[in-house]
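First the structure, in the form of structure tokens, and then the observations on it.
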Amino acid sequence: MPDDITIAIDGVEIKTQPGKMVLDAAVDAGIYIPYLCYHPGMKPFAACRMCVVSVEGGRGYPAACTLPVQDGMRIRSEAQDVNELRRSVMQMLIAEHPNGCLTCHRIDICGPSDVCLRHVSVNDRCVTCPKNERCEFKDTVRYLGMELESPLNYTYKQIPLEVADPFYDRDYNLCIACGRCVRACEEIRGDNAICFTERSGKALVGTSFGSSLLESGCEFCGACIDVCPVGALVERSHKWEKPRTVERTVCPHCPVGCQLNLELNGGGELIRVVPEYNSPANRGQACFKGKFGLEFVNSRERLQQPLIRRDGVLVETSWDEALDYVAGRLADYRGDSFALLASPNGTNEEHYLAQKFSRVAMDSNNVDLTSNLQPELTTALEQTLGHGAATNPLWQLEQAGCILVFNSNLTEDNNVAGVPIKRAVQNGAELVVIDPREVELTRYAHCWLRPAPGTELLLLGGILREVLDQGLENSQWVEAHCEDPATLRYYLRILDLDEIAGITGVSRDGMAEAARRFGGADNAALCYALDNIPPDLARDCVSALVDLALLTGNVGKPGAGIYPMRQGANEQGAWDVGCWANRLPGRGARRNESARRELEELLNCPLPTNPGLGVAATLEAAGTGRVKAMLLVGDSPNLGNGRLGDGLAALQNLDFLVVMDTFLSAPARLAEVVLPRATFAEKDGTYTNLERRVQRIRPVFRPRRGEAQPEQWVFGQLARRLDAPGFEHPSAAAVMDEIAQVVPAYAGLSYARLEAESALVLRSGGLESPKPTQMLYTGREHRGLQWPVAGESGAGTPVLYLDGFPSGKADLIAPQFRAPQDILEAEYPAWFVPGRVLLQRDREMQVEIEADSNLNRIVRDELVELNPADAAAWSVAEGDAVEVQTRQGRLAGLARLDAAIPPGTVAATILFGQLVVDLQNSPEPDPMSRTPGLDILPARVVKRDA
Amino acid sequence: MAPTFQELQAQAEQRWQALTAGDRPWIRVGTALCGQAAGADAVVQALQESLERHNAAAQISQVGCLGLCFAEPLVDVQLPGQPRVFYANVTPEQAEEIIASHIVQGIPLAGSALGCLGSDDGGGDSSDNGETGDLPDLNRHPMRAREQRIALRNAGNIDPLDIYQYAANGGYRALHQALTGMTGAEVLEQVNISGLRGRGGAAFATGTKWRFLAGSQAPVKYILCNCEEGDPGAFNDKGILESDPHTVVEGILLAGYATGANYGYIFIRSGHDGPIDRTRAAVAQAYDLGLLGRNILGSDFSFDLEVALTGDSYVSGEETALMEAIEGSRAMPRYRPPFPAQVGVFGQPTNINNVKTLAYVPEIVARGGAWFAGIGHERSTGTAILCLSGALNYTGMVELPMGINLQDVLYEIAGGVPGGKELKFIQTGGPLGGVLGADATDLVLDFEVFRNAGAILGSGGIIAADEDTCAVDLTRVLIAFCQYESCGKCFPCRMGMSHLLEVLERISRLEGGPEDLALMRNIGENMQAGSLCGHGQLGFNPVSSALRFFAGEFEAHITERRCPTGSCQTPWFSPRLSRR
């Protein structure tokens, strides 16, 4: 860089850039300066004074973390006087931190499991600390070469441990009050669940007023644990275990694609998860699912052998026998009576093979994902812009001036995507949320529009009209880049805003404000899901959203764009490689005749021509007997939660069901053959996250017991037995090579190419140099590649459409703005609108310790919020004990009348803490994959007897 | 519609005339913190009841602190057109007598009066005038004889809740003068010429500080006025805000005009109720009369001012911690750079001044910087506002020109040590300022002289201790304060203070060991070198200065296990706030 400047640290000259702090420059250059409160990625705090240095010709001992670099600066760090100052602070720290082992003369010869005969209480030993050998504090003590004797009196703080909250243990006796956790919670996560407490010698961190984390606004993301330099904050599970090996892979829970470091113990068990700091997708962050929800890989309940039903009972068998049997039976169901439902957490390679297996080996287009409840999520996006995927990188959300979040429970479904949004809001960006439900982001929203369920499309029409009326349209850009804007304008002009306000329940001011904020921003981004959009409106809703982004000129530029929030970890990949109803790999819709021919030529085999069935249609067809045989990969909560009707009953109706799963799930119990499926941590492949980033996942371990196999192997074996050609891939890499041939967006991608996109990250000092755990595991930065990739050596494409649209102009679609008529039945006359937030400051609640588990739980009455008019009609008064009944369940609470609740809806917002307690106590082996969503359902309200 | 300045002045004049030479006597009672502590509220009530009983008419005003805190409750009676007569240490019973004699019969109680002042307030000889002729002139009282009142010019003379009384005594004249005849740069230049330096403790040149802010082109800039004043023995900031809040408001306005800032906060420690109430009232009045808000006095200059409160924390007086507190965060200091003049409160350029510093500004602008620079001693121009407390005959708040030596301050002005005892040491500039031995009294009031002597003139608090005070015990108390008030952010201060206190407690329990002095030095010096803000950097001063002057006493505690003054033998209570 031309503006490089040179500084010297202990005589070693390093290049750096103006604006950096000396400590950052040192870390970049691999020079170690001790620190405890500093953490890369957070603002400097300058509290621990461990990084003090002296500047030649300067005064005193400034802290390197807050000392801006200057050209020619000469820093002294490893100097006698500087280290003396550091030692004096460390000496005081040791006097209030358990230190039996830190100051022991035998420390160098003491093995990890030696029995100690010294007169040091167990509390005071490092070997009995959960963070032993991963402790930055201990490492720093060693680095400084502390004296064994201290003239200071040691005081154990005697603070009771906090061990009743979900997932974490907190032992503030070990806390050194560096404030990293508080800053991570506030600065990075935007939650402010924890804070500093007390002051002077008693200063500590904790929740305000010492409340439970359940009521503090904690999202249980574990960010505080990841940055804690001592043993004060630790994961409860496997608390005392030390990692033997650490491997990097990608989280299977959602499409953000967080890179995680999995710590394994000597027995090859997963003991802990540390999000990767140098990962472009998550930047060191994770969420409750990724951090605490991967232990299912260790489960003893995992299927170990293939099972086959004999005399009505599933019994263990060999792979050969199972595969022979399955192949033999499947041979009878070639064609439309076969369907394959794949799991959203399969890899790209597996998705590709799944669709190929269905199409080539089974001659059936019935292939889809079990998570694909909204197949129209990106159809209109692709049609209008060219690609059915997010236009911009996730973390560019941080740079947006305004963010619109549409019908997405984003902080739970795609948690880490919420981090850049919250950070943007903290830094002054505006947030508009359109959602009938009260979700976490509504607490941050500058403008929260709460349309009556089902009227979202109409509301979008109103906002678009306001964009026109307020002159917020970027007409010049629209004329240059969009096809036929006049039609859309015409359809917008005929909308009656007052009528829309009446139907949606959103005031005209609200629509005007949303339009003003979104259209008025220099660059605005739009995140959407279709959580509760009626299926027949879904496509048009997306069109309207794309129109909004286009009219305001927010496509094809950094810090703006449009993000479809998908659900499953690799749904984007499934869409790309054609593991999707009626989509051919890289060729869009199946109906496209020439595309099919092209593909047939590429694959050198005929492809089926009949229309395929999506997951909903497949289950319906199974119910009616049109589909007779099914290969189901993975379990899905959707089969049992009513979103797909009675999915399990439909499965029962099949002639032949093969389930490939990790656990003996409810569908597996119905199957004739059950094949044990390897988890994400045991396979090789790639995931494509929702920002189109293709990232490698790696086999972290072999299944500890049993013979679970990845789908790739299974499809290969079955195809061979069915004499289907084209399944002879020796490795996942070979499958990717084929994908690169077949899918244009993936052209140029290969494992070698992905490997080349990684870089060594400098590690300062030798092994003895202490680093935050997160940094410790950072050996290599894996950037992945965002498709489309330009050529063999070309770079990925972070921002789509920078140079215009593939078809020249974006095809503006004018949807028919409408709302469904009276879809509620008399039996359930209202919409139940559930909500979930992290913090409810205004609600009183009690947290009790449950007797059998010794864990906290929330005890309170839920509030059922009703419009006063509805309440009068149902003769419910304020404070009445009521019950909300839906077809799926019921919720008891106290009625609260609120005119802000739209007529015809019943709202209840529960606390996220409650969900976390439920997940923690869940008997399911993989509860995080079954986190209940917030579905809006037809409901009725009845009074309970007092 | 806000009045013009001329209308304001005319009305103020008229009201002042009515008060001093109208148809009824004017009784002023000091109800600042010192007065209230001495029982002024009961005196006011007694005066009112007595007036009613005698069916006499008189205007009773609650004024601020005249500086003679030892004499509180101080009642000042002025018959129309006559000199003011001061009664010291008035009890409710005496109040009754004062009314009966002085108001009703017009005969001052010559025997119990402290003195009198001429009717033209604050200055001049009292003219020989009838019944008051025998009374001593209050201006010859040692506490007042050498005073030169600039910042305190109105203190004790006017009702702080009445903006007209301030205006009648030259108030807002400087503002009017600046807005009509001077540019902001000219105002700044006058402050620069005056050589005014920050009275908060660091003695940084105010003009230079303002120039930093004036140089910033940011659209939003802030002027902060700091009245955290948590030092034990310091009460002059509170005293000024309680006695004459408008002079500070005017000072802030001039600072804003000079630097191009349009927003301000007066930051007062919560719990200082008198200053808070009176400042809030002053701000409200200024808004009412168009002296705050948009287009002040019809000019283009607009300024908004708000009173903000701290939590109960000493460190929130540190400028960056103060900004955190104003923003609603926990009051913990920030690191520098960036300095407040670049990135201050709410991320905007900010200037922060002490109450006293700003209180000088109106007079500097009105009379010119050169006039101010002519007062004082070398580079320390102007006056020092001292808070005299402890073992002294006359305690209170005095404003003396810089350059007077401490000998005179302690023995002449403050009247020496009561009971004929020996002065042992003085403690200046707050607990962090450390102590000076009795032989240090040849120092003159001057920032550099004090600094060179290892002490801080700082905010002007001087606590005197006599021979009965144990140096070790006093050091322990000072460190207990510093320890309790550490914010807990930076490690050296958070833990260093606790360990210092632990060692001092050990020594004053007569259980100290020979290594303890070295240990304290080690902790303290590292705290000095390593701490983030002044609290930790200066936190060792009480110990180091005590060790310098009273090493023998520490030795006696440690090696002979005895306390020379005897105070450490008795069982004592110490707030062990450091540890559980």
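The values are calculated or read from the model by the stated rules, or taken from the named source; none is laboratory data. Nothing here was measured: the structure is a model prediction, and the numbers come from that model. Please note: Cβ atoms are built from the backbone with ideal geometry, for glycine as well, and neighbour counts cover all protein chains shown. Calculation scope for accessible area: heavy atoms of the full protein, side chains included, ligands and nucleic acids excluded. Shrake-Rupley method; radii C 1.70, N 1.55, O 1.52, S 1.80 Å.
Among the residues here, residue A:229 qualifies as outside any strand (DSSP E or B), farther than 30 Å from residue A:393 by Cβ and within 14 Å of chain B (Cβ to nearest Cβ).
Given the conditions (1) closer than 23 Å to residue B:3 by Cα; (2) modelled with pLDDT under 95, which single one is not true for residue B:301? If we test residue B:301 against (1) closer than 23 Å to residue B:3 by Cα; (2) modelled with pLDDT under 95, just (2) comes out false. Looking across region A:296-314 at every residue that is of a type in the set (A, V, I, L, M) and within 37 Å of the chain's Cα centre (by Cα), the one that is most open to solvent (accessible area, probe 1.4 Å) is identified as A:314. Scanning region B:449-484 for residues that are within 7 Å of another protein chain (Cβ to nearest Cβ) and open to solvent by 10 Å² or more (accessible area, probe 1.4 Å) yields a single hit, B:484. Can you name the residue in region A:194-206 that is open to solvent by 10 Å² or more (accessible area, probe 1.4 Å) and part of a loop (DSSP other than H, G, I, E, B) and, of all such residues, is farthest from the other protein chains (Cβ to nearest Cβ)? Per the stated criteria, the residue is A:194. Of the residues making up region B:487-508, those that are open to solvent by less than 10 Å² (accessible area, probe 1.4 Å), facing chain A (nearest Cβ under 7 Å) and either at pLDDT 95 or above or assigned to a helix (DSSP H, G or I) (or both) are B:491, B:492, B:494, B:495, B:496, B:497, B:498, B:499.
When A:841, A:836 are checked against the criterion of being at pLDDT below 90 and basic (Lys, Arg), a single residue qualifies: A:841.
Okay, residues lined up against (1) open to solvent by less than 20 Å² (accessible area, probe 1.4 Å); (2) without any contact (Cβ under 8 Å) to a residue 24 or more places away in the chain:
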position	(1), (2)
B:265	no, no
B:277	no, yes
B:286	yes, no
B:298	no, no
B:306	no, no
B:310	yes, no
B:319	no, no
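Scanning region B:409-423 for residues that are out of contact with any Gly (no Cβ under 8 Å at 6 or more places or on another chain) and surrounded by 21 or more Cβ atoms within 10 Å (Cβ to Cβ) yields B:409, B:413, B:414, B:417. Identify, please: which residue in region A:97-144 is of a type in the set (Lys, Arg) and under 20 Å from residue A:225 (Cα atoms) and is, among those, modelled with the lowest pLDDT? By that ranking, first place goes to A:134. When the strands (runs of 3 or more DSSP E) confined to region A:1-105 are screened for residues that are within 40 Å of the chain's Cα centre (by Cα), those reaching at least 1 such residues are found at A:5-9, A:12-16. Inside region B:516-544, can you point out the residues that are of a type in the set (A, V, I, L, M), in contact with a Phe, Trp or Tyr (Cβ under 7 Å, 6 or more places away or on another chain), open to solvent by 10 Å² or more (accessible area, probe 1.4 Å) and within 11 Å of chain A (Cβ to nearest Cβ)? Selection gives B:529, B:532. Of all the residues in region A:913-936, those that are outside any loop (DSSP other than H, G, I, E, B) and within 21 Å of residue A:568 (Cα to Cα) number 7. Those residues that are of a type outside the set (S, T, N, Q), in contact (Cβ under 8 Å) with a residue 60 or more places away in the chain and within 10 Å of chain B (Cβ to nearest Cβ), I need them from region A:152-162; list them, please. Across region A:152-162, the qualifying residues are A:152, A:157. Would you confirm whether or not region A:863-870 contains a residue that is open to solvent by less than 30 Å² (accessible area, probe 1.4 Å), outside any strand (DSSP E or B) and in contact with a Gly (Cβ under 9 Å, 6 or more places away or on another chain)? Yes: one or more hits.
Okay, residues lined up against (1) among the β-branched types (Val, Ile, Thr); (2) under 25 Å from residue B:230 (Cα atoms):
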residue: B:358; (1), (2): no, yes
residue: B:375; (1), (2): yes, no
residue: B:382; (1), (2): no, yes
residue: B:405; (1), (2): no, no
residue: B:418; (1), (2): no, no
residue: B:435; (1), (2): yes, yes
residue: B:459; (1), (2): no, yes
residue: B:464; (1), (2): no, yes
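Considering only region A:553-563, state which residues are in contact with a Phe, Trp or Tyr (Cβ under 7 Å, 6 or more places away or on another chain) and either open to solvent by 10 Å² or more (accessible area, probe 1.4 Å) or more than 26 Å from residue A:486 (Cα to Cα) (or both). Matches in region A:553-563: A:556 only.
Screening the candidates B:350, B:320 for the property of being polar (S, T, N, Q) and more than 14 Å from every other protein chain (Cβ to nearest Cβ) yields one hit, B:350.
The residue pairs whose first member lies in region B:428-457 and is of a type in the set (Lys, Arg), whose second member is buried (at least 17 other Cβ atoms within 10 Å of the Cβ), and whose beta carbons are closer than 9 Å, counting only pairs six or more residues apart or on different chains, are B:451/B:203; B:451/B:457. Residue-level check: of (1) open to solvent by less than 10 Å² (accessible area, probe 1.4 Å); (2) more than 19 Å from residue A:17 (Cβ to Cβ); (3) away from chain B (no Cβ under 11 Å), residue A:104 misses just (1). As a summary of the residue check, residue B:443 satisfies the conditions (1) in contact with a His (Cβ under 7 Å, 6 or more places away or on another chain); (2) more than 9 Å from chain A (Cβ to nearest Cβ) except for the one numbered (1). Note on region A:163-185: among residues that are within 28 Å of residue A:106 (Cα to Cα) and within 30 Å of the chain's Cα centre (by Cα), the one that is farthest from the other protein chains (Cβ to nearest Cβ) is A:171.
Of B:567, B:578, all but one fail to be modelled with pLDDT under 95, part of a loop (DSSP other than H, G, I, E, B) and within 14 Å of chain A (Cβ to nearest Cβ); the exception is B:578. Taking into account only those residues within region A:135-151 that are open to solvent by less than 20 Å² (accessible area, probe 1.4 Å) and charged (D, E, K, R), which is nearest to the other protein chains (Cβ to nearest Cβ)? Per the criteria, the residue is A:136. Just one of the listed residues (A:95, A:64) is in contact with a Leu (Cβ under 7 Å, 6 or more places away or on another chain), within 14 Å of chain B (Cβ to nearest Cβ), buried (at least 24 other Cβ atoms within 10 Å of the Cβ) and hydrophobic (A, V, I, L, M, F, W, C), namely A:64.
Does region A:237-254 include one or more residues that are closer than 21 Å to residue A:183 by Cα and open to solvent by less than 30 Å² (accessible area, probe 1.4 Å)? No: zero hits. Among helices (runs of 4 or more DSSP H) entirely within region A:354-467, having at least 2 residues that are of a type in the set (Gly, Ala, Ser), at negative phi and buried (at least 23 other Cβ atoms within 10 Å of the Cβ) singles out A:415-426. Got a sec? Which of A:209, A:220 is more than 10 Å from every other protein chain (Cβ to nearest Cβ), outside any helix (DSSP H, G or I) and not charged (D, E, K, R)? It is A:220.
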